[in-house]
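What follows is a set of notes on a single structure, which appears directly below.
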Amino acid sequence: MSGNKWFIFVLAALILGACSPKVRTVPSSTVKTTTENPVTKPVKPAEKPPVKTPEAKASVISLILPFGLDHAAGGQRYTAAKLKMANMSVEYYQGFKLALDSLTANGSNYKLQIFDSKDDAAQAHSLGLNPQVKNSEIIVGPVFPDDVKAFTAMLTSARKPIVSPLSPAAPATFKNQNLVTMTPPLEYHAMGAATFIAKSIKPKKVFILNSGFSAEKLYTSPFKRTLDSLSKRKIQVVNITVVRGNLTPLAAQLSNKDQNIFLVPSTKQAFLMVTLKSLDTLSKKFPVTLFGHPNWEKYTFLKAALLQRLNTHITSTDKVNYKSAETNTFLRSYRRTYHAEPTDYAIKGFDQGLYFGKLLADGENMNKPDLQDFTGLHNSFHFIKKPGLGWINTHVDILRYQNFDLKKVE
């Protein structure tokens, strides 16, 4: 990430000059007069000026990210948290712009306007009133939920797509019919896991091991609702609150032959360490298949060997296939352009820039119920539209631990 720090300071000038008109100087013509007799010359037919292909109309995109450029001013400095945020913004911007550049090479035309939200709700509110932003065809950002809420409150009547590029916050938080949520919220992870269980495993029972925290209902409620709907309530859901890892009462309900399906929706380290250890002991007598919270992928305290023994599955939107030809083409282009390694944010920016850039280039109308499906490097997009909430990407992948790594289940 440190390779991008120089760009933060240059970006201030870029933002200020992004919309400046470019003036082309045309030399004035000079007329010469003479008193000499003109020499008669053969008259040549006038050459026809070359026909210029009309340039495609520029599609205007506004990108609103928390660069925090006020911290780059003289006498100011970035804190570690603000610098991390700025680097994230630069990386996303670089990926997004690289996508537009690749489309421009094929004849498309874009005007990319960059604005700094400063991770400040008041600044986001102000940008929502900015005519340059409001007149864009697509607005990408702000990033964080509080900023999105303040920004979208100013654009309730405008029929402009407002892309929430990175936040998995539920669209009900913002209640804006023009919002495009790119990162699937938690309920769609739960629905994805339930769909996979109902269609691919088809067990008789699913055991949900709860820690007792009410926040887990954000996962378990849509999970059970989806499982009940798909199986017509033929798959029994057994809810259990686990205390100190005690799973002994479950033994009488488990099968010695068929896979016993467990869902653990917790993200609490202490609970997970004790409960998964008990589940590991149980797996020595009974076949176990475990489904976990999508955040487990980030937890270093969960060891791959344990998760593999438990045949653990998780849902994810963040899996990049570094062996694919498309990914390697992107990597070479990014390194050549920016002399740095792309992060997840850069790849997300590239996917989203390519998706929306193509929609604009193809003249697609964003104000319609269905948006095109898209398979990206980082994630795929499958949108549904909900009244008053906008479009929501619902695509999640099912990953399973194999050879001490997460592999996509085909």
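The values are calculated or read from the model by the stated rules, or taken from the named source; none is laboratory data. Predicted, not measured: the structure shown is a model, and the values here were computed from it. Heads up, the Cβs are rebuilt from the backbone with ideal geometry, glycines too, and the neighbour counts pull from every protein chain shown. Keep in mind that these areas ignore ligands, DNA and RNA; they rest on the heavy atoms of the full protein, side chains included. Shrake-Rupley method; radii C 1.70, N 1.55, O 1.52, S 1.80 Å.
Of everything listed in (1) more than 18 Å from Thr181 (Cα to Cα); (2) more than 21 Å from the chain's Cα centre (by Cα); (3) surrounded by fewer than 21 Cβ atoms within 10 Å (Cβ to Cβ), the single unmet condition for Thr156 is (1). Among the residues making up region 178-196, those that are open to solvent by 30 Å² or more (accessible area, probe 1.4 Å) and among the aliphatic types (A, V, I, L, M) are Leu186, Met191.
Taking (1) surrounded by fewer than 17 Cβ atoms within 10 Å (Cβ to Cβ); (2) at pLDDT 95 or above; (3) under 20 Å from the mean Cα position of the chain (by Cα) in turn, Gly349 satisfies each apart from (1).
Residue check: Lys175 meets all listed conditions (1) open to solvent by 20 Å² or more (accessible area, probe 1.4 Å); (2) among the charged types (D, E, K, R); (3) out of contact with any Leu (no Cβ under 8 Å at 6 or more places or on another chain) but one, namely (3).
A count restricted to region 317-344 and to residues that are under 24 Å from Ala190 (Cα atoms) and either in contact with a Ser or Thr (Cβ under 7 Å, 6 or more places away or on another chain) or surrounded by 18 or more Cβ atoms within 10 Å (Cβ to Cβ) (or both) stands at 3. Within region 312-340, residues that are over 15 Å from Ser102 (Cβ atoms) reach partners that are assigned to a loop (DSSP other than H, G, I, E, B) and among the hydroxyl-bearing types (Ser, Thr, Tyr) with beta carbons closer than 7 Å, at six or more positions or on different chains, in the pairs Thr317/Thr183.
In the set (1) assigned to a loop (DSSP other than H, G, I, E, B); (2) more than 18 Å from the chain's Cα centre (by Cα), Gln372 fails one condition alone, (2).
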